[in-house]
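Down below is the structure, laid out as structure tokens.
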Amino acid sequence: MKIIPKLFIFLLTGLFSLISTAQVQLNFNFDTPYGNNQAVGKYVEINGARIYFEEYGEGEPLLLIHGNGGSIIWMGNQIDYFKKKYRVIVADSRGQGKSELKTDSLTYKQITEDWEGLVNHLKLDSLNIIGWSDGGIIGLKMGINNKVKIKKIVSMAANLRPDTTAVHPYVVDIIKKEFDVVKLKIKEKDKTQNWNLKKQLLGLVGEQPNIPITDLSKVKAKVLILAGDEDVIKSEHSMEIYENLEKAQLCIMPGETHFTPSSNPDLFNSIANRFLSEPFKRPKSDAFINN
């Protein structure tokens with residue numbers, strides 16, 4: 001169990017930016033070396049970059065998509081749980097983990113196309129998706145594109161815009177400060193870290209996505225919108241996404257943060273599993289009131 005002695009940790013370029021005063025515990029300890037499993041790990045060239053992925057379990061395909069600056073291991077709690085029920089497919093998104101960057105301008109559009117390419121490479125007829133943060137955005141974009149057949153999407157802590165209408169102002173401030181540091185390091189030609197990669201990852205969360213709310217009407221899959229009540233994403237923005245999806249459910253988890261898939265995986269996995277395994281319903285209260 002990894003203990004981070006702050007309430008919020010904002011995942012940026014694989015580092016923790018620490019905020020507030022409480023504790024969040026993230027579990028990254030697993031019996032299986034997720035993200036570095038030589039027994040199952042494979043590379044495939046997609047859209048000009050080598051993308052690393054792993055597969056676990058059998059049954060209906062389930063994609064697990066990690067957040068910004070993360071890698072396969074960030075979804076380890078979900079792999080552990082869902083590999084008993086599904087054919088779990090998990091990858092390092094472009095420029096992260098073991099996957100190549102091969103671009104000077106990383107976009108959600110590019111990462112979405114990479115995941116669609118992986119689906120086509122594996123010849124998957126239909127699938128489900130669980131995406132966390134950036135992964136939740138990618139899941140929604142795949143649903144909007146309708147280039148692959150998706151049954152259900154669990155989108156945790158996704159946003160359509162990078163501004164303060166969607167995310168809390170302190171997050172925008174953190175990203176701006178990080179950008180300033182990275183730009184200075186690049187100007188100084190500092191070689192201690194891969195500042196170009198960090199700049200591109202920051203560009204994802206600081207300048208993207210820019211998804212028109214009207215695009216959500218294109219999503220044919222059933223969608224569960226998930227967030228913590230103390231998420232970096234504003235609750236009203238999660239509600240906005242939910243209200244503009246034709247077939248959706250909404251769950252704001254009490255006492256939870258942006259990091260629930262790892263800090264409270266039992267809760268997260270049980271909610272996601274219920275949505276994936278049960279028939280979709282969106283009943284209206286007026287059906288009972290009028291009777």
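The values are calculated or read from the model by the stated rules, or taken from the named source; none is laboratory data. Keep in mind that what you see is a predicted model, and the values were worked out from it rather than measured. Every residue, glycine among them, receives a Cβ derived from its backbone with ideal geometry; neighbour counts consider all protein chains shown.
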Q: For the range 200-215, name all the residues that are in contact with a helix residue (DSSP H, G or I) (Cβ under 7 Å, 6 or more places away or on another chain) and buried (at least 21 other Cβ atoms within 10 Å of the Cβ).
A: Leu202, Leu204, Val205, Pro209
Q.
Quick check on this structure: which one of Val182, Val172 is part of a helix (DSSP H, G or I) and either in contact with a Lys or Arg (Cβ under 7 Å, 6 or more places away or on another chain) or surrounded by 20 or more Cβ atoms within 10 Å (Cβ to Cβ) (or both)?
A. Val182
Q.
Name the single residue that is nearest to Asn27 (Cα to Cα) among those in the range 231-281 being outside any loop (DSSP other than H, G, I, E, B) and among the acidic types (Asp, Glu).
A. Asp266
**Q.** Filtered residues of the range 197-214 (kept if without any contact (Cβ under 8 Å) to a residue 60 or more places away in the chain, in a helix (DSSP H, G or I) and of a type outside the set (Gly, Ala, Ser))
**A.** Lys199, Glu207, Ile213, Thr214
**Q.** Filter result for Gly35 (surrounded by 14 or more Cβ atoms within 10 Å (Cβ to Cβ) and at pLDDT 95 or above)
**A.** yes
**Q.** Identity of the residue in the range 52-68, in a loop (DSSP other than H, G, I, E, B) and either among the charged types (D, E, K, R) or at pLDDT below 95 (or both), that ends up surrounded by the most Cβ atoms within 10 Å (Cβ to Cβ)
**A.** Glu60
Q: Give the residue that is farthest from His66 (Cα to Cα), with candidates limited to residues of the range 152-196 that are touching a Leu at 6+ places or on another chain (Cβ under 8 Å) and among the charged types (D, E, K, R).
A: Glu178
Q: Identify all residues within the range 215-230 that are part of a strand (DSSP E or B) and not acidic (Asp, Glu); write none if there are none.
A: Lys222, Val223, Leu224, Ile225, Leu226, Ala227, Gly228
Q | Residue under evaluation Val44, criteria (1) out of contact with any Lys or Arg (no Cβ under 7 Å at 6 or more places or on another chain); (2) surrounded by 23 or more Cβ atoms within 10 Å (Cβ to Cβ); (3) touching a residue at least 60 places away in the same chain (Cβ under 8 Å); (4) of a type outside the set (Gly, Ala, Ser), criterion not met | A | (2)
Q | Residue selected from the range 132-153 under the condition assigned to a loop (DSSP other than H, G, I, E, B) and in contact with a helix residue (DSSP H, G or I) (Cβ under 8 Å, 6 or more places away or on another chain), by the criterion surrounded by the most Cβ atoms within 10 Å (Cβ to Cβ) | A | Val148
Q. What about Glu113, is it farther than 25 Å from Tyr81 by Cβ, modelled with pLDDT of 95 or more and either outside any loop (DSSP other than H, G, I, E, B) or aliphatic (A, V, I, L, M) (or both)?
A. yes
Q: Return only the number of the condition from (1) assigned to a helix (DSSP H, G or I); (2) within 17 Å of the chain's Cα centre (by Cα) that Asn128 does not satisfy.
A: (1)
